[in-house]
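The values are calculated or read from the model by the stated rules, or taken from the named source; none is laboratory data. Note that this is a predicted model, so its numbers are computed, not measured. Cβ coordinates were reconstructed from backbone atoms using ideal geometry, including for glycine residues, and neighbour counts include every protein chain displayed. The accessibility values were calculated without ligands, DNA or RNA, using every heavy atom of the protein model including side chains. Shrake-Rupley method; radii C 1.70, N 1.55, O 1.52, S 1.80 Å.
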Amino acid sequence: QVQLVESGGGLVQAGGSLRLSCAASGRTFSNYAMGWFRQAPGKEREFLAAINWNGGIIYYADSVKGRFTISRDNAKNTLSLQMNSLKPEDTAVYYCAGGKGAGWYYGPAKLSEYGYWGQGTQVTVSS
């Protein structure tokens, strides 16, 4: 069984930074694509960033491009999201997502590409 455990969420002021981490266990982490999504109350789950199995292919949503950085450390079975220049509209529950393969079949932003999800970690950005 795959387990994704997230950490790093919290409360920050606008313009501040947070680094989210996702620790994976239960399968060969290095073989699979990963992603970050977020969901604000009453809204759909939103794609943020994705990274293929070896980090050679990365995608970002326009809303976070230039501010967020996704990375992975396969030796440590961890996925990270460095978030800089945070805005109040970034407030949401952030989820780590484990892919079903080394890459994606239809697109990294599609929820159906991911078979495993973390519990979510709250990020709140104050004005």
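Considering Cα pairs under 8 angstrom that are at least six residues apart, work out the relative contact order of the stretch 16-127 and quote it in whole percent.
This gives 32 percent for the stretch 16-127.
Could you tell me whether the stretch 22-73 comes out rounded, prolate or oblate from its Cα gyration tensor? Rule is a ≥ b ≥ c as square roots of the eigenvalues, rounded for a/c under 1.5, then prolate if a/b exceeds b/c, otherwise oblate. All intermediate terms of the calculation are to be shown ahead of the outcome.
Working: a/c = 2.66, a/b = 1.46, b/c = 1.82.
The shape class here is oblate.
Over its Cα atoms, what ratio of radius of gyration to 2.2 N^0.38 Å does the chain give?
This ratio for the chain stands at 0.97.
What's the magnitude of the charge dipole for the chain around its Cα centre, counting Lys and Arg as +1 and Asp and Glu as -1 at the beta-carbon? Answer in Debye, nearest 20.
I would put it at about 140 debye.
Quick one: among A40, A49, A97, which has the greatest mean-square fluctuation in a GNM of the chain with alpha-carbon springs under 10 angstrom?
A40
Rank E46, E89, E113 by mean-square fluctuation in a GNM of the chain with C-alpha springs under 10 angstrom and give only the top-ranked residue.
E89
Provide, for q = 0.14, 0.16, 0.22, 0.23 Å⁻¹, the log10 of I(q)/I(0) from a solvent-free Debye sum over equal Cα point scatterers in the stretch 64-127.
-0.50, -0.66, -1.13, -1.19
Would you tally the net charge around S30, using a Cβ to Cβ cut-off of less than 14 Å, leaving S30 out, and scoring K and R as +1, D and E as -1?
Combined, the nearby Lys, Arg, Asp and Glu give +2.
With every protein chain left in place, what is the accessible area per residue of the chain in square angstrom, probe 1.4 Å?
Result: 50 Å² per residue.
Excluding residues fewer than 8 places away in the same chain, name every one of the lysines whose C-alpha is closer than 20 Å to that of K100.
Excluding near neighbours in sequence, the set is K76, K110.
Quick one: order L79, L111 from most to least accessible surface, probe 1.4 Å.
So, going from the largest accessible area down, we get L111, L79.
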